[in-house]
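Here the structure is laid out as structure tokens; the discussion comes afterwards.
Quick note: the coordinates plus some simple rules give every number you see, no bench work behind them. Here the structure is a predicted model, which means the values were calculated and not measured. Note that each Cβ is placed from the backbone with ideal geometry, even for glycine, and that neighbours are counted across all protein chains shown.
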Amino acid sequence: TSPTVVVLHVTLPGFSLDNITVAMRRGHKVHIVADSYGAEGGHFEKLVSLGSGVSSAAPRAEFDGVCLKVYVQRR
């Protein structure tokens, strides 16, 4: 987190980039959804409220196979 961006760190072992969705929702919330299919399938969903100090523009995300980093611009 910095003066210009908020960074969220989410640990998602067992998930693949193709099955992770990150989006902004009304009320300055980040919605993260991840699904894993197969014998050990799983589902992760989190809605994080960041308050009015962040932009409603689409967030940027990076995933290294375990940790998802979501970058949301501040206003």
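Okay, here's what the table says:
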| quantity | calculated |
| --- | --- |
| Percentage relative contact order, the stretch 5-73, counting C-alpha pairs under 8 Å, at least six apart | 41 |
| Long-range HN-HN contacts of SER55 with modeled amide H, under 5 Å | GLN73, ARG74, ARG75 |
| Label point distance in nm, ASP18-SER49, each placed 7 Å from Cα along Cα→Cβ | 3.7 |
| Using θ = phi - 60° and Karplus 6.51 cos²θ - 1.76 cosθ + 1.60, couplings along the stretch 54-65 (whole Hz; Gly, Pro as x) | 10, 6, 8, 5, 4, x, 9, 9, 10, 9, 9, x |
| Per-residue HN-Hα couplings for the stretch 32-40 [Karplus 6.51, -1.76, 1.60; θ = phi - 60°; Hz; x = Gly/Pro] | 10, 10, 9, 10, 10, 10, x, 4, 10 |
| Full-extension gain in nm, LYS69 to VAL5, via 0.36 nm per residue minus C-alpha separation | 21.9 nm |
| Average silhouette area of the chain, convex hull of alpha-carbon atoms, in square nanometres | 4.7 |
| Positive-end residue, the chain charge dipole about Cα centroid, Cβ charges, pick of LEU12, SER36, SER2 | SER2 |
| For the chain, size of Cβ-based charge dipole, Lys and Arg +1, Asp and Glu -1, in debye | 580 |
| Residues ARG75, ARG60, ARG26, sorted so that the one with the fewest Cβ neighbours within 10 Å comes first | ARG26, ARG75, ARG60 |
